[in-house]
Amino acid sequence: MPEENEYLFGTHDDELRRLGFQHQVWIREAAAAWHRAGFGAGSHVLDLGCGPGYTTCDLALLVGQGGSVTGVDVSPRFVAHTRAQAAARGLGNVVAHVQDAESLELAAGEFDGVYSRWVLTYLRRPEEAIRGAARALKPGGRMVIHDYSHYEGLQLVPEHPAFRRGIDIVIAQWRESGGDPAVGARLPAMMADAGLEVLSITPVHRVARPGDVLWRWPRTFFDNYLPALVASGAMTEDERLAFDAAWRAAEAHPGGFFATPPMLEVLAIRH
Ligand SMILES: C[S@@+](CC[C@H](N)C(=O)[O-])C[C@H]1O[C@@H](n2cnc3c(N)ncnc32)[C@H](O)[C@@H]1O
């Protein structure tokens, strides 16, 4: 079982490294979203569910000394990591606080921008997080979110029932913990309910072939998480081995590929 303030996939060292690798793999999409949202020199940005601070520190470089980035996360370990990374990189414009995204304590109208990636999908009440973050925006401020809109739409080719079975177990655990692996599809309505105007809804979907850097991205997740599913009894060791065999078969296949779980970038403005 996760400790207090740990999200579904934990805050242990392997997960910290996995999130760092994941950030490298998805940095282009994040940077494009920040550009579309107009984040730049002098912006004051909230990184909602900042994790270990990988996005926080890159945002801090983008906004420069005249701007600032505030990272909030429910995990004290990740917040400490964010502060340490910012200090190590000489980023004096980063602050990080332990806060629950569902009950944010932020001054109204404080930020020019809000960014959040892969956080709302783990929350029981994501609408509360959106509402709290929307309140913290200045008039004219923009919120841009990246999250899964249809996780089960991921695809390993050639398809294999053992792979699909493993993904079904992951999704069942995710839902049981209170999260929604399709939350992205609900984001535009939540943002509108929070008084924002939705400016764009953009699909984020990629394909990896064996040998691509992106091919290793799902693998790092499976390596971290599937043994925990076996340990908790949610998955049998035979199911895990069959899942791995299906992955290796796709890896060896000349037509093999992995299509990432469909995600949305949703951009909105506060008037
Ligand atoms: C997959 S990580 C993403 C981290 C970061 N946004 C990134 O893209 O690298 C999910 C993050 O959500 C955080 N989280 C989960 N539930 C939360 C909550 N109720 N309030 C704030 N953060 C939460 C976790 O602690 C974790 O850091």
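The values are calculated or read from the model by the stated rules, or taken from the named source; none is laboratory data. The structure presented is a predicted model; accordingly, all values stated were derived computationally and were not measured. Cβ coordinates were reconstructed from backbone atoms using ideal geometry, including for glycine residues, and neighbour counts include every protein chain displayed. Note: areas computed on protein heavy atoms with side chains; ligands, DNA, RNA excluded. Shrake-Rupley method; radii C 1.70, N 1.55, O 1.52, S 1.80 Å.
Values as computed for the structure displayed
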{"read-out": "Principal-axis tilt of helix 76-88 within the chain, Cα atoms, nearest 10 degrees", "value": "70"}
{"read-out": "Fraction of accessible area attributable to carbon and sulfur, the chain (%, probe 1.4 Å)", "value": "53"}
{"read-out": "Listed residue (Val69, Gly51, Ala37) projecting farthest to the positive dipole end of the chain, Cβ model", "value": "Ala37"}
{"read-out": "For peptides 194-207, 171-184, sequence by mean Cβ density within 10 Å, most packed first", "value": "171-184, 194-207"}
{"read-out": "Asp168, Asp73, ranked by accessible area, largest first (probe 1.4 Å)", "value": "Asp168, Asp73"}
{"read-out": "Asp238 - accessible surface, heavy atoms, 1.4 Å probe, Å² rounded to 10", "value": "120"}
{"read-out": "Among Glu105, Glu251, Glu152: highest mean-square fluctuation, GNM of the chain, C-alpha pairs under 10 Å", "value": "Glu105"}
{"read-out": "Accessible area in square angstrom per residue, the chain, 1.4 angstrom probe", "value": "43"}
{"read-out": "Relative contact order [Cα under 8 Å, 6+ residues apart], the range 137-217, whole percent", "value": "29"}
{"read-out": "For the range 116-271: rounded, prolate or oblate by the Cα gyration tensor [a/c cutoff 1.5]", "value": "prolate"}
{"read-out": "For the range 93-182: relative contact order, % (alpha-carbon pairs under 8 angstrom, 6 or more apart)", "value": "34"}
{"read-out": "On Cα atoms only, tilt of 237-252 relative to the major axis of the chain in degrees", "value": "90"}
{"read-out": "Hydrodynamic radius by Kirkwood, which averages 1/r over all alpha carbon pairs of the chain, in angstrom", "value": "19.1"}
{"read-out": "Extreme residue, positive dipole direction of the chain, given options Ala268, Gln99, Leu123 (C-beta unit charges)", "value": "Ala268"}
{"read-out": "Mean Cα-pair separation over length for the chain, i.e. relative contact order, pairs under 8 Å, 6 or more apart, %", "value": "20"}
{"read-out": "Rounded to the nearest 20 debye, dipole of the chain from Cβ charges on Lys, Arg, Asp, Glu", "value": "740"}
{"read-out": "Cα pair distances exceeding 19 angstrom across the range 26-145, given as percent", "value": "39"}
{"read-out": "Which of Val157, Val114, Val95 is most accessible, then next, and so on - probe 1.4 Å", "value": "Val95, Val157, Val114"}
{"read-out": "Spatial separation of Cα centroids for the range 154-195 and the range 14-36, in angstrom", "value": "19"}
{"read-out": "Between 0 and 90°, nearest 10: helix 216-232 axis offset from the chain longest Cα axis", "value": "70"}
{"read-out": "Accessible-area ranking of Leu62, Leu187, largest first, probe 1.4 Å", "value": "Leu62, Leu187"}
{"read-out": "Cα centroid separation - the range 90-131 against the range 46-80, whole Å", "value": "10"}
{"read-out": "For the range 134-194, the spread of Cα positions along each principal axis, largest first, Å", "value": "50, 25, 15"}
{"read-out": "Amide H partners (placed H, <5 Å) of His97, local residues excluded", "value": "Gly71, Val72, Asp73"}
{"read-out": "Exposure of Asp13 as accessible area (Å², to 10), given a probe of 1.4 Å and all protein chains", "value": "80"}
